[in-house]
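All remarks here apply to the structure that follows.
The values are calculated or read from the model by the stated rules, or taken from the named source; none is laboratory data. Just so you know, these numbers come straight off a predicted model, no measurement behind them. Don't worry about glycine lacking a Cβ; one is built from the backbone with ideal geometry, like all the others, and counts go over all protein chains shown.
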Ligand SMILES: [Zn+2]
């Protein structure tokens, strides 16, 4: 539900209406698909310094997927690790079944470009991050720009990975347009949001230089480790 333009607000309102009645029962089941920005359990990624095993699925056949997209996902993991001061550590798993953090490439659906789902992995809280590698479902103007600008397209996929992994490590949405955890449910210019990052890049390699996190994101991240 990340970069959903229209759906987040509806989801949020629906959640507020239902939360007092349903929360305890609904969130009792870790494997349940829940709104991406609510957390009941400390994510495994934060459980005390151990390296979190991750697995990135092959996205062949998914619309918009490029074989180099897993590298963007790994760069997003690196960004969170770096910004956490090394407290988050991600190690590739040998198989998906042992990975606490899993990334699946999906078709964009109803304006949704990313989503996070909590899962239980042998009693430990994990997460599946869903990311669409297609940009043609974005606003028409942005989709047109991305179709002609490979770096912009890569920036969008990268930032979507960063945002969803942010949920996986325990961060909720913010209302601040500067933040990677910002939700477009609060409005804001989606093209300006992605172009702000794109303008910093001279080449794809530059993605590793700019995490995409704001100072507020970094503060929120580091607060997680104080709990
Ligand atoms: Zn989100």
What residue, among those in the stretch 103-120 that are part of a strand (DSSP E or B) and crowded, with 21+ Cβ neighbours inside 10 Å, is farthest from the ligand (Cβ to nearest atom)? 105
May I ask you to list the residues in the stretch 67-88 that are in a loop (DSSP other than H, G, I, E, B) and surrounded by fewer than 16 Cβ atoms within 10 Å (Cβ to Cβ)? 67, 68, 85, 86
From 85, 111, 64, grab the single residue that is within 25 Å of residue 173 (Cβ to Cβ) and either under 17 Å from the mean Cα position of the chain (by Cα) or at pLDDT 95 or above (or both). 111
Just wondering, is there one or more residues in the stretch 131-150 that are within 16 Å of residue 217 (Cβ to Cβ) and not in a loop (DSSP other than H, G, I, E, B)? no
For the stretch 124-143, check the following and say yes or no: at least one residue is over 18 Å from residue 66 (Cβ atoms), within 16 Å of the ligand (Cβ to nearest atom) and buried (at least 20 other Cβ atoms within 10 Å of the Cβ). yes
Hits in the stretch 152-181 - residues which are more than 15 Å from residue 192 (Cα to Cα), more than 11 Å from the ligand (Cβ to nearest atom) and in a helix (DSSP H, G or I): 154, 157, 158, 161, 169
Considering 222, 196, which residue is modelled with pLDDT under 95, outside any loop (DSSP other than H, G, I, E, B) and out of contact with any helix residue (DSSP H, G or I) (no Cβ under 8 Å at 6 or more places or on another chain)? 222
Those residues that are surrounded by 13 or more Cβ atoms within 10 Å (Cβ to Cβ) and part of a helix (DSSP H, G or I), I need them from the stretch 209-219; list them, please. 216, 217, 218
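For (1) within 27 Å of residue 118 (Cα to Cα); (2) within 16 Å of the chain's Cα centre (by Cα), each residue gets a yes or a no:
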position	(1), (2)
166	yes, yes
170	yes, yes
174	yes, yes
180	yes, yes
186	yes, no
192	no, no
196	no, no
201	no, no
204	no, no
